[in-house]
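Before any comments, here is the structure.
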Amino acid sequence: MDALFSVEQLECEVGSRVRLAAPLQVRAGEILGIVGPSGSGKSIFLRALALLDPARIEGMRLGEDTPEKLGPAHWRAHVGYLPPAPALWGNPVREDFARVLALKAHAERDIQIEAAEELLGKLQLPGILDSDSARLSSGEKQRVALARMLWRAPSLLLLDEPTGALDPALRKSARELITSWVRESDTPRAALWITHDHTEARESCSRFLRVADALVSEVGPEDLA
């Protein structure tokens, strides 16, 4: 099977100057767990893939598209980065979702608010669309932002500790939603997922990347410590 996403070379130009040890290919339906010590450059690596931080990149493709072909805004519409402490843009929550459609990269897409309600329900947030965004807890904000990202339907998810603010039961529902969203879709999707929870990584991810000593290298599940 051809790769959905690939990058031949990457060296970040900020922080620890993380670089790929070997070309990376990700197939549709795959979820790659990204592990490594705090401060090793995991977030910088994901942000570089989303064109949010400067990096020297060669041969990066999403299907038939490249960053040069799409431009940064449209690349990020298809390659979605979710930070560990995401911001909400509108108030109430419904306005936060509406603002996505105001972005030029999404202007012509047929995205229905009912799909957002369904995603929020699966994250144990029924009826939250009319709530005050400023009054949400950190865990609620994290789940709203995850639902917003999935609602946008990028082909590649770049998830930076998307369940870090959640209790075990909510982590489980979020993990199940992410894995089903990637693996049971009629359209090709994949994800790169930063986690410090190696049990979560083993349960959710099919392959693993370790970021350490300024290198991003593929490792096996037996190498997770």
Checklist line | Point-charge dipole on Cβ atoms (K/R +1, D/E -1) for region 5-223, about Cα centre, debye to 20 | finding: 220 debye
Note to self: I need the calculated FRET efficiency for the pair A115 and R61, taking r as the beta carbon distance and R₀ as 35 Å, to the nearest 0.05.
What the structure shows: 0.80
Margin query: Taking the number of other C-beta atoms within 10 Å as the exposure measure, put R27, R135 in order starting with the fewest.
Written below: R135, R27
Note to self: Give me the one-decimal Kirkwood hydrodynamic radius in Å for region 5-223, with the sum taken over alpha-carbon pairs.
What the structure shows: 17.7 Å
Next item on the list: Identify, among W193, V93, A28, the residue whose Cα sits farthest towards the positive end of the charge dipole of the chain, taking +1 on the Cβ of Lys and Arg and -1 on the Cβ of Asp and Glu, with the dipole about the Cα centre.
Entry: V93
Next item on the list: Identify which of A50, A169, A147 has the largest mean-square fluctuation in a Gaussian network model of the chain, with springs joining Cα atoms closer than 10 Å.
Entry: A169
Notebook entry, point to check: In the neighborhood of P221, defined by Cβ-to-Cβ distances under 13 Å, what is the net charge if each Lys or Arg adds +1 and each Asp or Glu adds -1?
Noted result: -2
Next item on the list: Sequence neighbours fewer than 8 away in the same chain don't count; with that in mind, list the aspartates and glutamates whose C-alpha is under 19 Å from K69.
Entry: E8, D53, E58, E108
Next item on the list: Obtain the nm distance between the two label points defined at S131 and S185 by a simple spin-label model: each point lies 7 Å from its Cα along the Cα-to-C-beta direction.
Entry: 2.6 nm
Notebook entry, point to check: Hey, with R₀ at 30 Å, roughly what FRET efficiency would E8 and E95 work out to, going by the Cβ-Cβ distance, to 0.05?
Noted result: 0.15
Note to self: Students often forget the sequence filter, so: which aspartates and glutamates lie under 14 Å Cα-Cα from K122 once same-chain residues fewer than 8 apart are removed?
What the structure shows: E114, E140, E176
Margin query: Modelling each spin label as a point 7 Å along the Cα-to-Cβ direction, I'd like the E176/E222 distance in nm, to one decimal.
Written below: 3.2 nm
Next item on the list: Report, in deg cm²/dmol and to the nearest 500, the calculated mean residue ellipticity at 222 nm for the chain, where each DSSP H run with n ≥ 4 adds -39500 (n - 2.57) and the sum is divided by the residue count.
Entry: -10000 deg cm²/dmol
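None of the figures in this text is laboratory data; all of them are computed from the coordinates on show. Since we're looking at a predicted model, the values are computed, not measured. A quick note on method: Cβ atoms are made from the backbone with ideal geometry, for glycine too, and the neighbour counts reach across all protein chains shown.
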